[in-house]
Amino acid sequence: MKSREQLREEYEDALFALMMDYAAQAEGERLLAENEALKHNPAAQVPEHLDQRCLQTIQMAFQKKKGPRQ
């Protein structure tokens with residue numbers, strides 16, 4: 001039979017896991033709602049020139065990582 005202390009620790013661990021699960025679920029729902037709001041907000045869109053520059057930076061980083069073509 002388990003001791004009271006061991007049972008209390010298991011209870012606290014399970015309670016903490018449940019609380020974190022609820023918190024993660026709530027945060028996920030909040031972030032999904034925020035994402036939807038941003039999708040419909042023209043002021044939140046990334047300017048085209050900045051988007052192109054970011055894509056170029058990513059492409060250059062991949063080219064450097066791949067090395068010279070053989």
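The values are calculated or read from the model by the stated rules, or taken from the named source; none is laboratory data. Just so it is clear, the structure is predicted and the values come from calculations on it, not from any experiment. Cβ placement follows ideal geometry from the backbone for every residue including glycine, while neighbour counts extend to all protein chains displayed. Side chains included, ligands, DNA and RNA excluded: accessible areas come from the protein's heavy atoms. Shrake-Rupley method; radii C 1.70, N 1.55, O 1.52, S 1.80 Å.
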Ranking Ala26, Pro47, Ala37 by how far each Cα lies towards the positive end of the charge dipole of the chain (+1 on Lys and Arg Cβ, -1 on Asp and Glu Cβ), the top one is Pro47
Rg/Rg_ref, the chain, where Rg_ref = 2.2 N^0.38 Å and atoms are Cα: 2.17
Can you give the charge dipole size of the range 1-43 about its Cα centre, rounded to the nearest 20 debye, using +1 on the beta carbon of Lys and Arg and -1 on the beta carbon of Asp and Glu? 60 debye
Before I look further, what does the range 10-65 give for accessible area per residue, probe 1.4 Å, in whole square angstrom? 95 Å²
Between the helical axis of 48-66 and the dominant principal axis of the chain, each derived from Cα atoms, what acute angle in degrees is found, rounded to the nearest 10? 80 degrees
With 0.36 nm assigned to each residue of separation and the Cα-Cα distance removed, Met20 to Ala37 gains 3.6 nm
Report, in deg cm²/dmol and to the nearest 500, the calculated mean residue ellipticity at 222 nm for the chain, where each DSSP H run with n ≥ 4 adds -39500 (n - 2.57) and the sum is divided by the residue count. -28000 deg cm²/dmol
